[in-house]
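Only one structure is covered here, and it is reproduced in the block below.
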Amino acid sequence: MGNPATTDIIWDAIKKELFAVLGMVTKELETRSTGIVYSVNDNKLYIGTGLESWKTHHIRLNPEVSITIPIPKRIPLLPWIKIPQATISFSGTARIIPAVEAEHNILRSVYRHMADDQDLLEESCLIEVVPKGDFITYGVGISLMEMRNPELARGRAPVK
C-alpha cells in the first residue's frame, strides 16, 4: 500500500501554497537554491524577479531547475507541537519572460496591485517553470498519523 496522492491532489496542493524553494545551477556548475513566491497558471509556475537578478542570470545559462514546496502540517489546538512539513518536489524547465511581454492576468497574479507599475515591469521578468517527469511527495494526501509510516508518507505521481 503506497501513498494515495494523485496528480490532481498534488496540483491542488501546489495551487494552495505560495512559497517554494527554487534550485538551479551556476555557470561553474555549483548548486544554488533560493526561496521564492510563485503563482500557478495553466499548470506552470510563475516567479517574479529582476531582469538582472542572479536567478535570472543562472537560469539563462541553464534552464533546468528544481522546485520543492513545503506544506505546513499542524495538530489542531496544539500548534506548538512540531510536525515535519509535507513536501512536493519536481524538476522543471524554466524560461525568462520580460514582464513587459507577459500576459496581464499572469502579471496580476504574480505582482498583484503593482502589475500596472510600468517602471517596475521594465526592470522585472517572470520565470516560467514547466514541471516535468514525476512529482515526488512526502506527507501529501495522508493524515498526520499516516505520516509516521514512510511507506505511506512517500509518494510519486506523473506531472502530466
message: How many angstrom lie between the Cα centre of region 139-157 and the Cα centre of region 59-86?
response: 14 Å
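Using the Cα gyration tensor of region 61-120, with a ≥ b ≥ c the square roots of its eigenvalues, what is the shape: rounded (a/c below 1.5), prolate (a/b larger than b/c) or oblate (neither)?
Verdict is oblate for region 61-120.
Only four residue types carry charge here, +1 at the Cβ of Lys and Arg and -1 at the Cβ of Asp and Glu. Report the dipole size of region 27-87 about the Cα centre in Debye, rounded to the nearest 20.
280 debye
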query: If you take the square roots of the eigenvalues of the alpha-carbon gyration tensor of region 4-50 and sort them as a ≥ b ≥ c, do you get rounded (a/c under 1.5), prolate (a/b over b/c) or oblate?
result: prolate
- line: With a Förster distance of 30 angstrom and the Cβ-Cβ distance between residue 53 and residue 159, calculated FRET efficiency to the nearest 0.05 equals 0.70
field: Matching label, Rg/Rh (Cα atoms, Kirkwood Rh) computed from the structure shown, candidates (i) 0.94; (ii) 1.02; (iii) 1.56
entry: (ii)
- prompt: Across region 121-128, in residue order, what do the Karplus-derived ³J(HN,Hα) couplings come to in whole Hz, using 6.51 cos²θ - 1.76 cosθ + 1.60 with θ = phi - 60° and x for Gly and Pro?
  reply: 5, 5, 9, 10, 8, 10, 9, 9
task: Rounded to the nearest 0.05, what FRET efficiency do residue 117 and residue 30 give with R0 = 30 Å and r taken as the Cβ-Cβ distance? Could you check?
output: 0.30
message: Cut-off 10 angstrom, C-alpha nodes, Gaussian network model of the chain. Which of 47, 127, 142 fluctuates the most?
response: 142
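Using the membrane-span-like helix rule (whole DSSP H runs, Cα extent along the own axis of at least 27 Å, mean Kyte-Doolittle hydropathy at least 0.0), which helices of the chain qualify?
none
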- request: Rank the residues 147, 114, 24 as a footprinting-exposure proxy: fewest other Cβ atoms within 10 Å of their Cβ go first.
  value: 114, 147, 24
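A short reminder: the numbers here are calculations on the coordinates, not readings from a lab. All values derive from a computational prediction rather than experimental measurement. In this analysis, Cβ positions are derived from the backbone assuming ideal geometry, glycine residues included, and neighbour counts consider all displayed protein chains.
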